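Report on the following structure.
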Amino acid sequence: MVDDSYDLVVVGGGSGGVRAGRLAASLGARVALVEEHRVGGTCVVRGCVPKKLVVLASRFANDFEDAKGFGWNVSTATFHWGRLVDAVDGELGRLEGLYRRGLENAGVAILDDRGVLEGPGVVRLQRSGALLRCKHVLLATGSTPASLDIPGGEFCVTSDHVFSLARQPKRMVVLGGGYIAVEIASALNSLGTEITILHRAPALLRGFDEMLQEGLTSGLSEAGIRMHPGAVATSIERTSDGLVVHDSTGGSHRVDCVLNATGRRPQTRDLGLDSAGVEVEVGGAIKVDDRHQTTAAGVFAVGDVTNQLNLTPVAIRQGQEVAQALFGNDRRVPIRFDVAPTAVFSTPELGTVGVTESVARQRYANVKVFETQFRPMRATLAKSKECVAMKVLVCGDTDKVVGVHLLGREAAEMIQLIAIALQLGATKHDLDQTLAVHPTAAEELVTLRTAS
Ligand code: NDP
């Protein structure tokens, strides 16, 4: 029997919803969380976590090669897709259990159902038909892969399923040149899948600094990935031995798997938004103000469904802000999107925070660019082509560091730490005064002296 009266009903058990529900309950609110699939959402079940585990698996390929240069005898290493898929699945199950227990221990009622707004303060459970009455609703339903509207588009897999395929694809076309496309392309390529990327823009990762775009393209190409800029798939044909992708440049690609990674859309379909007066933007994202309040009183929305900066830590922070504002002390410090760090877990890995060089040049009259590119120590004995590239952008008038862009091993770990410096308003002088840790790649960030 469902208790039908709550202070907060959270629809969607991903990063934002779980954080909001758990915090609200721990602050004394009566909370229900409605989730139709698995608790944990895209990040834990279909995104960041399985992706990173597969990326880690993929990097052993280079490790085995590099080890030879350091005196190791490495007998032929072989990879078993099924064992990785099972191991990843086991870990996801463990994490889901942790999330569920965390919610339950905080006193949240988890309802395994689909939640639909039925009007102000009312959420209907679609499977059971029960009505939940509540003072507040939080919509945290995330986003879902965009469908591909071309003949044969239905033959594609998406990031939702690629890590649970029964067999590792031998040859795969990846459609799109964004985060998901390059991360999955890079990981599967290292695991032995032959990859072709079709991306419609001239460069991968639109909006990233040019140094990263170029460095990534050459790293992926070095790793054997074929890239076709300016190409989009026009149709996909099923044949007796697989799939053939036809592209806009007249090319065709015979493969056994096609990954559609052409973006994600806010998940707002059939949520009953109209019944409660919740308005959406063009493209389907829920309209919110800076306190995550939708256009309907008592209804809030956080995370990808609002399509702001679609990153897990952003959704978590927003969920926390809603719970804190409703049931705790509203001591909100707005998220600084201008210094939000992000990483792309391709190989080579990328980390970025602040503005790109081209944006810096539009925004500031005087920009100093400190740049370096070098072979890391490991590459010397390994005799690999691995490289590290770093760019620090400084506003010449204020000496403030306005952007840092990193490519290479552990770029994600480095960008997390340098982002703290940017959040604190670091100047180039502050970096110069910081003692280096030697010998590391990261020390270059505090020893760059010559600007271009
Ligand atoms: P992105 O927006 O990063 O990339 C979408 C790609 O698809 C772009 O290259 C885009 O091209 C292309 N595209 C869009 N529509 C079409 C079309 N009709 N035909 C051909 N190509 C098309 O989306 P993703 O799905 O990769 O990632 C979604 C979000 O998830 C990211 O923005 C990121 O915020 C988050 N994410 C974060 C990760 C991380 O932090 N490491 C990892 C994965 C995802 P164009 O550039 O020309 O528009």
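The values are calculated or read from the model by the stated rules, or taken from the named source; none is laboratory data. As the structure is a computational prediction, the values presented were derived from the model and not from experiment. Here Cβ is always computed from backbone atoms with ideal geometry, including for glycine, and neighbour counts include all displayed protein chains.
Check whether at least one residue in the stretch 391-399 is free of Cβ contacts under 8 Å to residues at least 60 places away in the same chain, out of contact with any Lys or Arg (no Cβ under 7 Å at 6 or more places or on another chain), more than 24 Å from Phe345 (Cα to Cα) and not hydrophobic (A, V, I, L, M, F, W, C), and report yes or no. Yes, the stretch 391-399 has at least one match. Out of Leu259, Leu212, Leu198, Leu205, one residue alone is away from the ligand (no atom under 12 Å from the Cβ), under 21 Å from the mean Cα position of the chain (by Cα), within 30 Å of Glu65 (Cβ to Cβ) and in contact (Cβ under 8 Å) with a residue 24 or more places away in the chain. It is Leu212. Just one of the numbered conditions (1) more than 30 Å from Val108 (Cβ to Cβ); (2) crowded, with 18+ Cβ neighbours inside 10 Å is not true of Cys43: (1). Do we find that Arg83 is in a helix (DSSP H, G or I), over 24 Å from Asn189 (Cα atoms) and among the basic types (Lys, Arg) in this structure? No: the conditions fail for Arg83. Counting only strands (runs of 3 or more DSSP E) that fall entirely inside the stretch 86-171 and contain at least 1 residues that are at pLDDT 95 or above and more than 24 Å from the chain's Cα centre (by Cα), the qualifying elements are 109-112, 115-119, 122-125, 131-139.
One line per residue, one yes/no per condition, for (1) outside any loop (DSSP other than H, G, I, E, B); (2) surrounded by fewer than 14 Cβ atoms within 10 Å (Cβ to Cβ); (3) within 29 Å of the chain's Cα centre (by Cα):
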position: Val353; (1), (2), (3): yes, no, yes
position: Thr372; (1), (2), (3): yes, no, yes
position: Lys385; (1), (2), (3): no, yes, yes
position: Ala412; (1), (2), (3): yes, no, yes
position: Ile418; (1), (2), (3): yes, no, yes
position: Asp430; (1), (2), (3): yes, no, no
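Take the conditions (1) in contact with a His (Cβ under 8 Å, 6 or more places away or on another chain); (2) farther than 28 Å from Asn310 by Cα; (3) not small (Gly, Ala, Ser); Val45 misses just one of them, which is (2). Considering the stretch 247-256, and only residues there that are over 26 Å from Leu165 (Cα atoms) and in contact with a strand residue (DSSP E or B) (Cβ under 9 Å, 6 or more places away or on another chain), the residue that is farthest from the ligand (Cβ to nearest atom) turns out to be Gly251. Of all residues in the stretch 172-194, those satisfying the criterion of being outside any helix (DSSP H, G or I), surrounded by 23 or more Cβ atoms within 10 Å (Cβ to Cβ) and either within 15 Å of the ligand (Cβ to nearest atom) or among the small types (Gly, Ala, Ser) (or both) are Val173, Val174, Leu175, Gly176, Gly177.
When residues in the stretch 16-42 are screened for being modelled with pLDDT of 95 or more and within 16 Å of the ligand (Cβ to nearest atom), 1 of them pass.
Can you tell me how many residues within the stretch 218-237 are under 19 Å from Lys385 (Cβ atoms), more than 13 Å from the ligand (Cβ to nearest atom) and either surrounded by fewer than 21 Cβ atoms within 10 Å (Cβ to Cβ) or of a type in the set (Asp, Glu) (or both)?
Keep residues of the stretch 218-237 that are under 19 Å from Lys385 (Cβ atoms), which gives 218-227.
From the residues that got through so far, the ones that are more than 13 Å from the ligand (Cβ to nearest atom) too are 218-226.
This time we only want the ones that are either surrounded by fewer than 21 Cβ atoms within 10 Å (Cβ to Cβ) or of a type in the set (Asp, Glu) (or both), so: 218, 221-224, 226.
Adding up the residues that qualify gives 6.
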